[in-house]
Amino acid sequence: AASASGPNRQCTETFGEDDGDRNLSGSEQTLDPALLEIKRKWELEQKELKKKISLEDDRNVEKMLSNPDSDTFYVGGMDISFVKGDDVNACAALVVFSFPDLEVVYEDYQMIQLTQPYIPGFLAFREMDFMIQLYNNVKENNTQYTPQVIMVDGNGILHPRGVGSACHLGVLLDVPCLGVAKNLFFIENDIDRNEEHMEQIASLKQSGDTFPLVGSSSGITYGKALKSCEKATKPVYVSPGHKISIDSATELVHRCSKYRVPEPIRQADLNSREYLRVNFKDGS
DNA sequence: GCGACAG
DNA sequence: ATCTTGTCGC
């Protein structure tokens, strides 16, 4: 029974209706030397990765967005779905769509076992190895469908240290990547869901409308909030990961959206869940 | 000290 | 991320 190694967790039964103490773990800095250690180490890795990020459009990105028609390009979407009461077993998916016609040309689902914890700001360290594997699979076995750009569930430079998982993946693969988040990632003293933000969201009228996400104190432009389809009330937050500009990333996401979440990511999400439902009863 | 925290 | 029923609208 591989229970959590390290400090034993004194999670007493806080199941009762009344637990007297209302000091809900608040900021959770529930001292965990092991996690702090990991954080420090990961922060250094992010610092190195950040130096390699490019926010310029890769030539293929330029071509795929400007081309009147002729060539067909491929856009990949990645996502990982989890098993309910299980934070280890999951299904990683890559679905590749042709662009601009948006037809599925390739899909890969892999049962995986997560080993790293999820820590806000360090999502990539938990999922990246599996995404890299998915990319290598296509490139090696179905080269013709290797995506020229990859969409990741999460953020690119819209991140506390400017290195979201889309940057992480992009730099490691040296492939254009962008992030699409369904929720705005809070960045201390710079970006948050305040009144002004809510007003800006209310000002988005039609599909394709956007507003830039600019840091209130840093002045940094992290990406854009995009009303991806007519029906969506809530925007998606697009930010470049690597080898793609903010405007191109936003345009690409918009052009791949039939619903709020762009098709590549949406299908990777829906299909990986379905995969778990069918292939994971308790074992296989 | 509290709050806020992609998936 | 995951859970869960109904409900509103095209």
Requested in this report: In debye, nearest 20, what is the charge dipole magnitude of the stretch A:72-231 about its Cα centre with +1 on Lys and Arg Cβ and -1 on Asp and Glu Cβ, if you could check?
Outcome: 120 debye
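With runs of 4+ DSSP H residues as the only contributors, calculate the mean residue ellipticity of chain A at 222 nm using -39,500 (n - 2.57) per run, divided by the residue total and rounded to the nearest 500. Don't skip to the answer; put the middle values down first.
On the way: 7 runs with 91 residues, N = 284.
Using -39500 (n - 2.57) per qualifying helix, the result is -10000 deg cm²/dmol.
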Report task. Give the long-range amide H neighbours of A:Gly223: residues separated by 5 or more places, or on another chain, with amide H under 5 Å away, using H modelled in the peptide plane at 1.01 Å from N. Result -> A:Leu213
Requested in this report: Percent of Cα-Cα pairs per 10 Å bin, from 0 to the last occupied bin, for the stretch A:55-279, please list those.
Outcome: 8, 35, 37, 17, 2
Query raised in the report: Among all the aspartates and glutamates, which ones have a C-alpha under 20 Å from A:Lys84's C-alpha, if same-chain residues fewer than 8 places away are not counted?
Result: A:Glu127, A:Asp153, A:Asp269, A:Glu274, A:Asp282
Requested in this report: Pairs of Cα atoms under 8 Å, at least six residues apart: use those to get the relative contact order of chain A, whole percent.
Outcome: 20 percent
Report summary line: Exposed-loop cut sites defined as GluC sites (Glu not before Pro) in DSSP loop states with at most 15 other Cβ within 10 angstrom; longest site-free run of chain A spans A:104-187
Report task. Averaging sequence separations of C-alpha pairs under 8 Å and six or more residues apart, then dividing by the length of the stretch A:203-275, give the relative contact order as a whole percent. Result -> 23 percent
Requested in this report: Within the set of other residues whose C-beta is less than 10 Å from the C-beta of A:Val152, count the net charge using Lys and Arg as +1 and Asp and Glu as -1.
Outcome: -3
Query - Within chain A, longest stretch clear of exposed chymotrypsin sites (Phe, Trp or Tyr not before Pro) (DSSP loop, no more than 16 other Cβ within 10 Å) - result: A:16-117
Query raised in the report: From largest to smallest, what semi-axes in whole angstrom does the stretch A:100-227 give when each is the square root of 5 times an eigenvalue of its alpha carbon gyration tensor?
Result: 30, 19, 12
Query - Listed pairs A:Lys182/A:Lys227; A:Lys39/A:Lys234; A:Lys139/A:Lys258; A:Lys52/A:Lys227; A:Lys224/A:Lys258 exceeding 21 Å between Cα atoms - result: A:Lys39/A:Lys234; A:Lys139/A:Lys258; A:Lys52/A:Lys227
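About its Cα centre, what dipole magnitude does chain A give when the only charges are +1 on Lys and Arg Cβ and -1 on Asp and Glu Cβ, stated in debye to the nearest 20?
Numbers: 30 positive and 43 negative charges, 65 e Å.
Computed charge dipole of chain A: roughly 320 debye.
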Report task. At 7 Å along the Cα-to-beta-carbon direction for both A:Asp32 and A:Gln200, put a label point, then send me their distance in nm to one decimal. Result -> 3.2 nm
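Computed from the coordinates by the stated procedures, all read-outs in this text should not be read as laboratory data. Note that the coordinates shown come from a computational prediction; the quantities given were computed from them, not determined experimentally. Virtual Cβ from ideal backbone geometry, glycine too; neighbours counted across all protein chains shown.
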